[in-house]
1. Ignoring ligands, DNA and RNA, please state the percent of accessible area on the chain from carbon and sulfur, probe 1.4 Å.
2. Give the long-range amide H neighbours of Asp208: residues separated by 5 or more places, or on another chain, with amide H under 5 Å away, using H modelled in the peptide plane at 1.01 Å from N.
3. Placing +1 at every Lys and Arg Cβ and -1 at every Asp and Glu Cβ, with all other atoms neutral, what dipole size does the range 65-208 have around its Cα centre, in debye to the nearest 20?
4. Take Met233, Met387 and sort them by solvent-accessible surface of the protein heavy atoms, 1.4 Å probe, largest at the top.
5. Please arrange Lys102, Lys75, Lys456, Lys331 by accessible surface area, largest first, computed with a 1.4 Å probe and ligands excluded.
6. Suppose every Lys and Arg Cβ carries +1 and every Asp and Glu Cβ carries -1, with no other charges. What dipole size does the range 2-70 come out with about its Cα centre, to the nearest 20 debye?
7. Report the normalised scattering of the chain as log10 I(q)/I(0) at q = 0.06, 0.14 Å⁻¹, calculated by the Debye formula with identical scatterers on the alpha carbons.
8. Could you state the accessible area per residue of the range 11-147 in Å², with a 1.4 Å probe and every protein chain left in place?
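The values are calculated or read from the model by the stated rules, or taken from the named source; none is laboratory data. No experiment lies behind these values; they were computed from the predicted model shown. Cβ sites come from the backbone with ideal geometry, for glycine too, and all protein chains shown count toward neighbours. Only protein heavy atoms, including side chains, enter the accessible area calculation; ligands, DNA and RNA are left aside. Shrake-Rupley method; radii C 1.70, N 1.55, O 1.52, S 1.80 Å.
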Amino acid sequence: MVSRVIPVDPFDLVIFGGTGDLARRKILPGLFRRFRSGQMPDGARIIAAARSELDRAGYQQMISDAIQEFGGAEKDDTEAVAKFLEVLDYTPIDAKGEGGWKALSKMVRKDVIQAFYFSVAPSLFGDLAQRLHDYKIANAESRIVVEKPFGRDLESAKELNKSLADHFDEKQIYRIDHYLGKETVQNLMAVRFGNVLFEPLWNNHYVDHIQITVAETVGVSGRGAYYDRSGAMRDMVQNHLMQLLCLIAMEPPSQFGADEVRDEKLKVIRALKGVEPHHIVRGQYDAGPDGPSYREDAENPRSFTESFIAMKCHIDNWRWAGVPFYMRTGKRMKARTSEIAVVFKDLGHSIFEGDEKRHRNILAIRLQPNEGIDLQVTIKEPGPGGMRLVDVPLDMTFAEALGAGEHEVTDAYERLIMDVIRGNQTLFMRGDEVEAAWAWTDPLINGWEARNDVPKLYDAGSSGPEDALMLLHREGRKWREIRG
Ligand code: NAD
């Protein structure tokens, strides 16, 4: 099988914050893999700009080390690593002052695609945008890539949007949500809109409810101070889980184009109803045999920040009227797993005597581990003794179905950066989407803050607080097992 890759024109990619954790762990190792697989054209250059007083050789060494640490199996291809390092350059820069900007201006070519990746704290976005404009480094075709968190509420998101919009058009701005770069997330759209089978059933006549689960086993130690000001709602729900919700719930766009897809996602967010306080369960992990409690990790003994959240939401439109969407995400949970499950309604009538079990078709889309799709169907239990029915999975793990090796698994970051160079915004969040998402989450957060809501404790290594299980139990439903 030969994969089709759209060729890319020569480019200059400037990475502000090129010495930071994200750049060393994800961005540069990802770019190296794209380089090695021949997706970077001759004449592509990567210019890192950060605070450290490094020279080019010093930066090349830093990235050589980063590739050894984070580069995956490809890191052993020393010839490719050496060639990739040749593509790199470095210049020290002060985002808040004037130091380094003239030098950068001389380095960036004007006659190739230009992308500027803001891999720095959001408080520097405005400064960078302003100076790129003042020093005439960027032009009307340049692309700006920004990282999460995009604000901590509607007001700060609006400010960030404005600081970029003062100098760049929305068509130039690429807001990264790396969940959108995951293979399965895109497959979600392929499954929905590329098959005749599912779309007719994708509504409140056939769907009982939808579950979205993103469970992590790690705690917040190491980033506790940051996390404690954020919490699961801001850190995960407002961006990643809402993006998944949009893709599962949106109407079919007229074509797979950036604005067509994003228009439909925006309509979903705008149609989300407010959530009753008793439909939100917030939790904090307790100390366990394997580690300290959330409050110890966050170094805040009185913290009311949630490391877990579960909620029941409704989308106020024709397609989804009456269908609950249950979302949950948390740290220090039983297993690391991300999954969207579409749970279909029971059969109205069973013709099989004695079969009292409620058989349900469930379409589960696994983001991790083992990216794939699993359709639960009901069949006859093999053997004599009458018609006994049993539910079995029709399981498709992509790596197996497509043949390992022929399709290398592309990391979300690599895919998204190459989309920036190609000028494809489909998998990036638009400014109005981000604002609409905050407009929905702000009142919920303000509500529990005003009530001084105390998160429920849950055991580390569990499925979250008991109340989260009850959210479904009391309606005769059940969360899917969190399995690694
Ligand atoms: P970091 O603290 O490790 O690195 C920050 C970088 O910014 C460094 O290269 C530093 O030199 C540069 N910098 C800081 N102040 C500067 C200034 N005044 N002028 C010029 N350069 C300056 O941060 P990080 O973890 O790499 O995160 C970068 C961005 O990515 C942040 O917005 C963060 O929220 C976001 N992000 C990070 C991760 C991650 O896994 N690290 C994940 C998602 C999003």
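1. Working: 11400 of 22190 Å².
The value for the chain is 51 percent carbon and sulfur by accessible area.
2. Val343, Phe344, Lys345
3. Numbers: 18 positive and 25 negative charges, 103 e Å.
Charge dipole of the range 65-208: 500 debye, to the nearest 20.
4. On the way: Met233 0, Met387 95 Å².
Order by accessible area, largest first: Met387, Met233.
5. On the way: Lys102 150, Lys75 60, Lys456 90, Lys331 10 Å².
So the residues, ranked largest to smallest area, are Lys102, Lys456, Lys75, Lys331.
6. Values: 10 positive and 8 negative charges, 59 e Å.
That gives the range 2-70 a dipole magnitude of about 280 debye.
7. -0.30, -1.50
8. Details: 5960 Å² over 137 residues.
On a per-residue basis, the range 11-147 sits at 44 Å².
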